[in-house]
Every structure is written in structure tokens, then in C-alpha cells.
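Comments concern the structure below.
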Amino acid sequence: MEKRYKIGLFFVLLLISVLVVILLYRRNNIDRFSKERNFAEQQRLNIDDLSKIDQQSKTAEEIYQVQKMNVQTTVDTVCIYENIDKKDGSVFMEEEKIPIKYIGLNREELETMLAQDSLAPTLEEKQKGFKSQHLELFSADKIKVLRIYDTTQGEFGFYIMEVEGEVCVFEYDKKTLYFKTGLHPESLPAEVRYELQEGKFMDNELQVYHFIESYSS
């Protein structure tokens, strides 16, 4: 009898142990599933928040770009020139009324206009040693243009030269063709033709045109 009691007690304890293990296992699984679900939910919320922030950033950038394009210069816009001489690095600032041709332009249009002016500077600017310019600051109240000059001696002026049976005008580097005069070497005096072999230097366009007029038929 006592032996049966002990065996029965053993199986009862064993059954209780199994039930405890099963309960602990299920509880652990439930906790783990809950944590994973909470983590997944948090990740989804984080992604949604990032998406909203990114969308807001894009919207703000689009608004900024539209506003920037709508900003235009007016008659009251101040024009500041920062002139830099490559010769010695000196800087000279000028402030003046905005040129009429620059009025009513947005940033992109003004940059295009400045680039075009850089390709075809005036005679006065060429004589000053003008090289290039670009827009540095832009607003409806003020624009700032950076202009580069090079006043190194001998780096401005023109050379009239004979090239392949034609009289041509080159810039100071003797390589960049300025224009063809339409004159032919045989129509010029011998001493002039001799000068043209090495290049006849002219200080400015006025001297060039006087030379052409002198020997034009």
C-alpha cells in the first residue's frame, strides 16, 4: 500500500512538473510574440514618421524653389561689383544702380545674361583686362557680381597679322582670331607687309579700324 502511494505521488509530481513547464513555455512564447509585435509596430510607426518627415522636407524644398524662381530684380535692387585683379590679387568694390537690362530678371535669367556679357565684353572692359564674371549673391534687394580682371602688362591689345594670304586681327595672345579684315597683303606697302609677318601691335580697336580704313580701297 505504501509502495503504491509513493508511485502515485511520483506520477502526480511528474504531471505537475510537466504542466508547469508547459505553462512557462507558453508564457514565454506569448511574451516573445508580444515583444515582436510591439517591435514591428514601432518599426512601422518609425517608417511612417520618416516618410512624413521626408514628404514635408520635399514639400518645403519645392516651395523654396518656387519662391526663389519668383524673386526678381527691380529698379530698387542695388548692384554691387567685386572686382578682382589676377595680377596682384587686389580687390575693388563698386556699388551702383542696377543696369536697365538686368531689371525684372530672376536668378537663372540673370546668370544667363551675365554669362552672355562675359562672352562679348565691351571695348572698355577689354581694355581694362576683363576676363570673366559670375553672380555671387542674389535677392530682390541686392545682387553681387564677382568680376575677374587681369591687368598684367601686355595682356591686352591686338595684333594684325598675315595668315594664308589674308590680313587678320588677333587678340594679344596672337592665337585667338578676333576678326578677318578682308584686306589682302598685296594691297599693302612692303614695309607694312614686313611688320605683319611678326604681327603689328595695336593698343585698341580704334587703332585697328583706323589701320583698316587707311588701306581699304
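The values are calculated or read from the model by the stated rules, or taken from the named source; none is laboratory data. Since this is a predicted model, take the numbers as computed values, not measurements. Don't worry about glycine lacking a Cβ; one is built from the backbone with ideal geometry, like all the others, and counts go over all protein chains shown. All accessible areas refer to the heavy atoms of the entire protein, side chains included, with ligands and DNA or RNA removed. Shrake-Rupley method; radii C 1.70, N 1.55, O 1.52, S 1.80 Å.
Backbone geometry of the range 71-87 corresponds, through the Karplus equation with coefficients 6.51, -1.76 and 1.60 at θ = phi - 60°, to 3J(HN,Hα) couplings of 6, 10, 6, 10, 5, 8, 5, 7, 10, 10, 10, 10, 9, 10, 9, 5, 4 Hz, x marking Gly and Pro.
Loop-only check: which trypsin sites (Lys or Arg not before Pro) in the range 112-185 are DSSP coil with at most 14 other Cβ within 10 angstrom?
Lys174, Lys175
Here r is the Cβ-Cβ distance between Thr152 and Glu205 and R0 is 30 Å; the resulting FRET efficiency, rounded to 0.05, is 0.90. About its Cα centre, the dipole of the range 82-217 is roughly 200 debye, where the only charges are +1 on Lys and Arg Cβ and -1 on Asp and Glu Cβ. Using a probe of 1.4 Å on the protein chains alone, the accessible area found for His134 is around 90 Å². A straight chain from Glu198 to Thr112 at 0.36 nm per residue would run longer than the Cα-Cα distance by 27.1 nm. Here the relative contact order of the range 114-179, from alpha carbon pairs under 8 Å that lie six or more residues apart, stands at 21 percent. Here Asp141 sits with roughly 120 square angstrom of accessible surface, probe radius 1.4 Å.
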